[in-house]
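Notes for the one structure printed next.
The values are calculated or read from the model by the stated rules, or taken from the named source; none is laboratory data. Fair warning: this is a prediction, and the values are worked out from it, not measured in the lab. Ideal geometry is used to build each Cβ from the backbone, glycine not excepted, and the neighbour counts take in all protein chains shown. These accessible areas exclude ligands, DNA and RNA; they are computed on the full protein's heavy atoms, side chains included. Shrake-Rupley method; radii C 1.70, N 1.55, O 1.52, S 1.80 Å.
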Amino acid sequence: MITSRRFFLSGATALAAAMAAGSARAQDVIGDILKASGNWDDTFDARASDGGKVASTLPIFSPQTISYTEQAIGQYQGIVSQGGWPQVPATKKLQLGVVDGDVVALRKRLMVSGDLPQSAGISESFDSYVDAALKRFQLRHGLPADGVTGKYTFSAMNVSAQVRLGQLETNLERLRSMGGFLGDRYVMVNIPAQQVEAVENGRVVLRHAAIVGKIDRQTPIVNSKINEIIVNPYWNAPVS
């Protein structure tokens, strides 16, 4: 069965799983983080954030994904109620070894989302703890984990917590509407994520990148049986 469905946010389900798997941050400390100021000694005993690559054999259409999304919504509701996270100035490249005032905002942003432990402190130094936290953030958002604040990292980072919460809530409704048994073997195409999952017996056995359409030539949404697979089909470049 080929199942294609549009999601409001392509990475929201992976984000939800990562949020659920990581250590939950107490809601009442978020305000303290945002108000923190001053410099900390760079020899503090900070620990790297939990987690690793956001990759698993869990299908997007699964009860567990719905549960993880519900947990993430609860966490984001707490973050939003505390005022969300700060914007990080997207004016310069920040990476390991840099000492800059913008690193303070970056630290606070990563702390609120749980990527950087609060014990890392507030400092202008982009140290190994910030590097690990930024890479974790990038992995959770489907970005190359290079530890550098480039264009796409800033773009993902500066989406407000309120918008992220709305995206998760939208995804939850669509995940629930697609609930049910899809068969022992099926292929799911996540159009915005440009990703294909081949699922067998409740686990993803293959996951590949996919080429999809664009606004003026959208990929159709279908739900049908697979009759044949053409490998390396004959193709000519269109006149356009």
Requested in this report: Rank by packing, highest mean first: peptides 78-84, 150-156, with packing defined as the count of other Cβ atoms within 10 Å averaged across residues.
Outcome: 78-84, 150-156
Query - Kirkwood-type radius of region 181-240, with distances r between different C-alpha atoms, in Å - result: 13.7
Query raised in the report: In square angstrom, what is the accessible area per residue of region 138-240 with a 1.4 angstrom probe?
Result: 69
Query raised in the report: Equivalent-ellipsoid semi-axes (√(5λ), Cα gyration tensor) for region 114-240, whole Å, largest first?
Result: 36, 20, 16
Query raised in the report: Which shape class applies to region 91-164: rounded if a/c is under 1.5, otherwise prolate when a/b exceeds b/c and oblate if not, where a ≥ b ≥ c are the square roots of the Cα gyration tensor eigenvalues?
Result: rounded
